[in-house]
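Have a look at this one.
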Amino acid sequence: METLRRAGGPQGGRAARAYRFADLSGYTLRERLSIRAADLAFYLAIRAVGATVRFRVEGWEHWEEATREGGLPIYTAWHDSIFLSTYFWRGRRIVVMTSQSFDGEYIARFIQRFGYGAARGSATRGGVGALVEMARLVREGCPAGFTIDGPRGPRRVAKMGAVMLAKKTGRPVLPFAVNAERRLTLGSWDRLQIPLPFTRAGVRIAPPIRVPADADEALLSEKRDELQRALDRISL
């Protein structure tokens with residue numbers, strides 16, 4: 001898997017801006033310092049803990065199916081697994097949606113340090129524009145990723161974003177789950193999992209879900225329900 005981890009996406013052109021830090025000139029000095037501090041703190045914490053985790057993968061053949069002949073999957077997971085998911089899939093130039101906000105900016109920065117791209121927007125703020133931007137980036141050769149119940153829940157209830165992107169781009173949705181055996185669970189809305197150092201973690205990947213380009217609202221709802229069932233089945 002390390003050979004695949006080093007595989008790059010588009011290196012130039014319009015897509016390149018998704019992988020660059022955004023300009024912070026619109027923020028106050030205090031906000032700029034806070035964004036940079038939070039960015040580094042999260043990056044260092046994830047890198048330090050993630051490097052000690054021993055991953056066990058089930059369903060890697062589904063990833064191989066989704067990426068066969070240069071395919072670009074739409075990686076999809078629950079928000080509570082974002083800590084280890086960020087580390088496990090690092091370096092694959094996956095573009096994810098981040099909100100147009102103070103919190104969204106430091107999140108965008110620390111994921112970019114792991115080799116991700118950022119499309120600004122969310123389900124509650126600028127989401128339509130960000131979905132259009134993600135579709136454009138996928139067409140230019142970028143994989144995409146969703147925490148499908150984010151940014152604020154309801155917890156573990158799949159939203160439509162990944163399914164809509166699959167319809168627009170013809171790319172398969174790839175559901176996955178990452179769960180640490182030893183972890184802390186925060187009291188946040190998503191019950192975020194914080195793995196303990198040197199724990200084992202299971203990565204489970206479900207079969208890819210494909211959405212026809214002519215899918216109507218009824219079929220889109222069926223595909224979202226299929227995604228919900230897949231994530232429920234592989235999650236702890």
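Throughout, read-outs are computed from the coordinates displayed, never taken from laboratory work. Small disclaimer: the values here were computed from a predicted structure and weren't measured. We place every Cβ from the backbone using ideal geometry, glycine too, and count neighbours over all the protein chains shown.
Take the alpha carbon atoms of segment 21-69, find their center, do the same for segment 146-194, and report the distance between the two centers in whole angstrom.
The distance from the Cα centre of segment 21-69 to that of segment 146-194 comes to 15 Å.
With +1 assigned to the C-beta of every Lys and Arg and -1 to the C-beta of every Asp and Glu, and no other charges, what is the dipole magnitude of the chain about the Cα centre in debye, to the nearest 20? Intermediate values should be presented prior to the final figure.
Values: 38 positive and 24 negative charges, 139 e Å.
The calculation lands at about 660 debye.
Label-point separation (nm) for Ile194 and Ser34, each offset 7 Å from Cα along Cα-to-Cβ?
2.0 nm
For the chain, modelled as a GNM with alpha-carbon contacts under 10 angstrom, which of Arg171, Arg30, Arg152 fluctuates the most?
Arg30
Which value in deg cm²/dmol, rounded to the nearest 500, describes the helix-derived mean residue ellipticity at 222 nm for the chain, given -39,500 (n - 2.57) per DSSP H run of n ≥ 4 and division by the residue count?
One gets -12000 deg cm²/dmol as the mean residue ellipticity at 222 nm.
Taking just the alpha carbons, could you work out the radius of gyration and Dmax for the chain, both in angstroms?
Radius of gyration, then largest Cα-Cα span, for the chain: 16.9, 49 Å.
Taking the chain as a Gaussian network, where each spring joins two C-alpha atoms under 10 Å apart, which residue of Ala118, Ala77, Ala218 fluctuates the most?
Ala218
Hey, what D do you get for segment 134-230 in µm²/s if you plug the Kirkwood alpha-carbon radius into Stokes-Einstein at 10 °C and 1.306 mPa s? If you can, show how the numbers build up before the last one.
Numbers: Rh = 14.9 Å.
In µm²/s, the coefficient is 107.
Take every DSSP beta bridge with both residues inside the chain and express the antiparallel ones as a percent of the total, to the nearest 5.
DSSP beta bridges in the chain are roughly 35 percent antiparallel.
Considering the options Ile194, Pro207, Gly129, tell which one lies farthest towards the positive end of the dipole of the chain, charges being +1 on Lys and Arg and -1 on Asp and Glu at the Cβ, about the Cα centre.
It is Ile194.
Under 10 Å, Cα contacts only: if you run a Gaussian network model on the chain, which one of Leu174, Leu184, Leu131 comes out with the highest mean-square fluctuation?
Result for the chain, Cα springs under 10 Å: Leu184 fluctuates most.
Moving on. Could you work out the relative contact order of the chain, using alpha carbon pairs under 8 angstrom and six or more residues apart, expressed as a whole percent? Don't jump to the answer; show the numbers that get you there.
Details: 448 pairs, mean separation 60.0, N = 236.
Dividing the mean separation by the residue count of the chain yields 25 percent.
By how many nm would the segment from Arg155 to Glu64 grow when fully extended, if each residue of separation counts as 0.36 nm and the alpha-carbon distance is taken off?
Here the segment from Arg155 to Glu64 would lengthen by 29.9 nm.
Could I have the simple spin-label model distance between Arg233 and Asp23, label points 7 Å from Cα toward Cβ, reported in nm to one decimal?
4.8 nm
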